[in-house]
1. If we keep just the residues of segment 109-141 that are at pLDDT below 90 and outside any helix (DSSP H, G or I), which is nearest to the chain's Cα centre (by Cα)?
2. Please give the number of the condition V177 fails out of (1) touching a Leu at 6+ places or on another chain (Cβ under 8 Å); (2) assigned by TED's automatic domain parsing to the domain that holds W141.
3. Name the one entry in P224, P191 that is exposed (fewer than 15 other Cβ atoms within 10 Å of the Cβ) and not in a helix (DSSP H, G or I).
4. If the requirement is being touching an Asp or Glu at 6+ places or on another chain (Cβ under 7 Å) and closer than 30 Å to M287 by Cβ, which of these qualifies: S163, S151, S167?
5. Out of everything in segment 94-108 that is touching a residue at least 24 places away in the same chain (Cβ under 8 Å) and part of a strand (DSSP E or B), what residue ends up being nearest to the chain's Cα centre (by Cα)?
6. When you go through (1) in contact (Cβ under 8 Å) with a residue 40 or more places away in the chain; (2) touching a Ser or Thr at 6+ places or on another chain (Cβ under 6 Å) one by one for V84, which number turns out not to apply?
7. Quick check on my filter: what residues within segment 258-314 are assigned to a helix (DSSP H, G or I), in contact (Cβ under 8 Å) with a residue 24 or more places away in the chain and either on the phi > 0 side of the Ramachandran plot or of a type outside the set (G, A, S) (or both)?
8. With the structure loaded, tell me whether V213 is farther than 20 Å from T292 by Cβ, of a type outside the set (D, E, K, R), part of a strand (DSSP E or B) and in the same structural domain as A307 (by TED's automatic domain parsing) or whether it fails that test.
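The values are calculated or read from the model by the stated rules, or taken from the named source; none is laboratory data. Just so it is clear, the model here is predicted, and its values are computed rather than measured. Heads up, the Cβs are rebuilt from the backbone with ideal geometry, glycines too, and the neighbour counts pull from every protein chain shown.
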Amino acid sequence: MKRIIQILLPLMLPVCCFGADGFVIKGKVTGILNGYVEVQGLSKLDLGAMPFPEKVKIVNGEFTYAGHIDRPQLVNLRISTKLVRMLLENAEYEVNCSFETLGTDKVKGGKMNGQYWAFSSSGMSPMEYLQQNVGDEFSAWIAYSFIREKSDVEAVEKLLTISDKISPNGQLFMKRVEALRKVAPGVPFPPVLKLVDPSGKPFKMSDMAGKYVVLDFWASWCPPCIAFVPKLREHYNNFKDKNVVFVSVSVDESTEKWKGAMEGLHMEWTQVLAEGAFKSGEGVRAMLNINTIPYLIIVDRQGKIAALLNYYEKEKMGEVLTKLVQ
């Protein structure tokens, strides 16, 4: 055991350092009379409730914007009225140029930002990049950001080094690996997901034993989810008397917004709220490997997963249920 600890300790140092330090972006941009600097997340689905620091004022073209992030992320750096895409990590950056020439190439510093733009301009697919570049944290970022199909995930797991896997993005990727193994057709639905009904009472899948269960993952802030409700109601009416139970699982962060949307849409079937909302590394994303919504999981009478239907496959729900209940 002592020997194992001696081997792993040096590999864990980058993670420890990452957690202790933050990022600093210092700028001197001529041609700006006034304005603000801030970092904006690219996707609510990816960043969840993870906050960035408040915007800072530009004074005589100069600014210092600092903060801390839990893991490297692709963001927009907003400088006055311009947006600059960058891969932000906890490192030091410098922007020194005129406002007219301000662009992605003017952000200097860090390591992964340069790697991101090299990858973007290489023409390589994420899998090709990973096959040719292993052993750095950018590989872990590539893996977590792009690799989602089961066969690809299993192949990439073999490519990543131990240091890749224990990096912040690497740990999230390994949770995806674990979820894919536990969430697949023919596998018992994992009982670890915590759900509550509108009254706050815990909802247990074990109470649905002997029934077919359609789990519809959605949120009040998701337009495609809202648009799918009429179709979901149609299937509910067609199958509710055939031993099929429909359960809409909200990944909202706000209980009030969840209840408001649920009541406004008159969703008359079972409604529950998932713990962890839709934050990366938590709740349904970590436990069930659900990265986009709407998403459907159909469970058979033995409590085993019968089908996993993503946004593009959800139209197959009627066909799947028809075969199950025959």
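1. Top of the filtered list is D136.
2. If we test V177 against (1) touching a Leu at 6+ places or on another chain (Cβ under 8 Å); (2) assigned by TED's automatic domain parsing to the domain that holds W141, just (1) comes out false.
3. P191
4. When all the criteria are applied, what remains is S167.
5. Checked segment 94-108; the qualifying residue nearest to the chain's Cα centre (by Cα) is V107.
6. Among (1) in contact (Cβ under 8 Å) with a residue 40 or more places away in the chain; (2) touching a Ser or Thr at 6+ places or on another chain (Cβ under 6 Å), V84 violates only (1).
7. Once the filter is applied, which keeps residues that are assigned to a helix (DSSP H, G or I), in contact (Cβ under 8 Å) with a residue 24 or more places away in the chain and either on the phi > 0 side of the Ramachandran plot or of a type outside the set (G, A, S) (or both), segment 258-314 yields W258, K259, M262, G283, V284, M287, L288, K314.
8. Judged against the criteria, V213 is a match.
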